[in-house]
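Student: Here you go, one structure.
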Amino acid sequence: MSVTTPRGRASIHVDIPPIELIRMDPVEFLSVCDKIAPMVEEALAPLIGTEYGAAELCMGADNTPTERLDKIAEDIILAVFRSRKVCRAVLSEEAGLVTDIGGESGLAYLDPVDGSFNAGAGIPFYALSIGLSEGGVMTAGYVRNLANKETFTAIRGKGAFLDGRPIRVSKKAELNISAMSIYARAPEMISLLEKGMRTRRGRKLGASALELCYVACGRLEGFLDLRTTLRITDAAAGMFICEEAGGIVTQPDGSPVAFPDDVCAGRPLLAANPVIHAKVSEILRSK
């Protein structure tokens, strides 16, 4: 780099090394998440299944109500992220884009309580969901069932894990012996049935991050959401864990899915083991 001195004097050549941003190591990121989860569980424990915990405090950034459970969990997570400078920013379902985390790079996708209705009703199926991305590429995912402490994790290129044990998607190849989580409004469900979509079991468990992880570990063969209401904060960590476990994640017709960094923008989604994914997407492409 050449710098010209005042009054037209001789220029000076200065070698300035490129600035390298300090990135959060994915293993360290998951370690931070492991420290956060018990804090959230302890804070929420007396509120689970209570009207007080389920009380709606305000409208969240995603234009849906923020319950007291959500707010308490989010406050804890953001405080720890700031103290550890985990990333540059957090996109949270409740607070929206939070840019004062203090890290030099990285964007975290946060749903403090995925399945907050379940939590408020005392149904033990709700989760902390956090995904970490660098330059638009997911590098780590963390989903913790806050009711039973099962923890799903993944690091790019390293596979997916349940409580530290490797997991893979189911090997079932026939829809008539498969179980799927299916979210569809009445007209969409009628269309599915008219196209011949049949599974052994259809489920709607109420926490998409966990349901995607259930596909990852083979408890479900697939997850299908046709409502176009699933957002990046709901799905980022679960999709990544599912893919690292060998699952295929796309739009329902099999085309690539892309979520914008916008908590108000929803997308339909199909996630399944490779064989079931091919069969379901073929059905959905049919007239």
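Student: Which three extents, in whole angstrom, do the alpha-carbon atoms of the range 26-166 cover along their principal axes, largest first?
Tutor: Sorted largest first, the three principal extents are 41, 34, 24 Å.
Student: Looking only at TYR142, TYR52, TYR214, which one moves most when the chain is put into a Gaussian network model with springs between Cα atoms under 10 Å?
Tutor: Evaluated over the chain, the most mobile residue of the options is TYR52.
Student: Per the helix-only calculation at 222 nm, which mean residue ellipticity applies to the chain, given -39500 (n - 2.57) for every DSSP H run of n ≥ 4 and division by its residues, nearest 500 deg cm²/dmol?
Tutor: -9500 deg cm²/dmol
Student: For the pair GLU42 and ARG165, how long in nm is the line joining their label points, each one 7 Å along Cα→Cβ?
Tutor: 2.8
Student: Roughly speaking, what is the stretch gain from ASP75 to LYS35, that is 0.36 nm per residue apart minus the C-alpha to C-alpha distance, in nm to one decimal?
Tutor: Answer, rounded to one decimal: 12.9 nm.
Student: For the chain, set up a Gaussian network in which alpha carbons nearer than 10 Å are linked by springs, and say which option among LEU270, LEU91, LEU226 fluctuates the most.
Tutor: Top of the fluctuation ranking is LEU226.
Student: Run the reach check for LYS279 against lysines, Cα to Cα strictly under 18 Å, same-chain hits fewer than 8 apart removed. What comes back?
Tutor: Excluding near neighbours in sequence, the set is LYS171, LYS172, LYS195, LYS287.
Student: What is the distance in Å between the Cα centroid of the range 138-158 and that of the range 55-74?
Tutor: Here the answer is 23 Å between Cα centres.
Student: Computed from these coordinates, which is P(r) over Cα pairs in 10 Å bins from 0, in percent: [x] 7, 25, 27, 20, 12, 7, 3, 0, 0; [y] 7, 28, 32, 19, 7, 4, 3, 1, 0; [z] 6, 24, 30, 24, 13, 4, 0?
Tutor: [y]
FYI, it's all coordinate maths here, none of it is from the lab. Being a predicted model, the structure only gives us computed values, none of them experimental. Cβ sites come from the backbone with ideal geometry, for glycine too, and all protein chains shown count toward neighbours.
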